[in-house]
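Notes for the one structure printed next.
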Amino acid sequence: MIIQSYLKYLHRETELKLQLKKYSNGRLAIRAVDPMTGQEQATLSVNLPDEPLKEDEIFIKDYAENEGAFLTLARAGLVEHLGQVNSGFVKIDKCRWLQSVFDAE
């Protein structure tokens with residue numbers, strides 16, 4: 001699936017291809033790559049194994065170099081914001097993933 005990027009460090013016209021993977025604990029992981037070169041641009045998700053998470057939910061890393069990750073996924077219609085959890089000194093967005101994992105590949 002190719003979507004428009006709203007990551008702060010990339011140009012607004014940049015498109016990203018999403019690659020859906022799984023963390024070792026089975027939770028959804030999302031990588032964003034350049035659709036032309038395949039070069040990884042960002043990992044949009046974060047794994048917080050000690051935080052409860054339903055099967056259709058995901059934690060989005062939307063700080064530091066990933067600022068704009070939630071906006072990128074929300075404007076593509078892929079996530080619904082459920083709230084935030086604390087992780088160290090940052091707040092992590094907890095979202096519902098709105099697509100079938102197989103639809104997004």
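The values are calculated or read from the model by the stated rules, or taken from the named source; none is laboratory data. These numbers come from a predicted model, not from an experiment. Ideal geometry is used to build each Cβ from the backbone, glycine not excepted, and the neighbour counts take in all protein chains shown.
Rundown of residues vs (1) at pLDDT 90 or above; (2) over 11 Å from the mean Cα position of the chain (by Cα); (3) not aromatic (Phe, Trp, Tyr), yes/no style:
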{"residue": "Tyr6", "(1), (2), (3)": "no, yes, no"}
{"residue": "Leu10", "(1), (2), (3)": "no, yes, yes"}
{"residue": "Val33", "(1), (2), (3)": "yes, yes, yes"}
{"residue": "Gln39", "(1), (2), (3)": "yes, yes, yes"}
{"residue": "Asp62", "(1), (2), (3)": "yes, no, yes"}
{"residue": "Ala69", "(1), (2), (3)": "yes, no, yes"}
{"residue": "Asp103", "(1), (2), (3)": "no, yes, yes"}
Looking only at segment 6-40, how many residues end up being surrounded by 12 or more Cβ atoms within 10 Å (Cβ to Cβ), more than 30 Å from Pro52 (Cβ to Cβ) and either polar (S, T, N, Q) or touching a Cys at 6+ places or on another chain (Cβ under 8 Å) (or both)? 1
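For segment 72-89, enumerate the residues that are buried (at least 16 other Cβ atoms within 10 Å of the Cβ) and hydrophobic (A, V, I, L, M, F, W, C).
Leu73, Ala74, Ala76, Leu78, Val79, Val85
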Identify all residues within segment 49-64 that are among the aliphatic types (A, V, I, L, M) and either under 21 Å from Gln99 (Cβ atoms) or crowded, with 17+ Cβ neighbours inside 10 Å (or both); write none if there are none. Leu53, Ile58, Ile60
Would it be correct to say that Gly38 is farther than 25 Å from Gln84 by Cα and not hydroxyl-bearing (Ser, Thr, Tyr)? yes
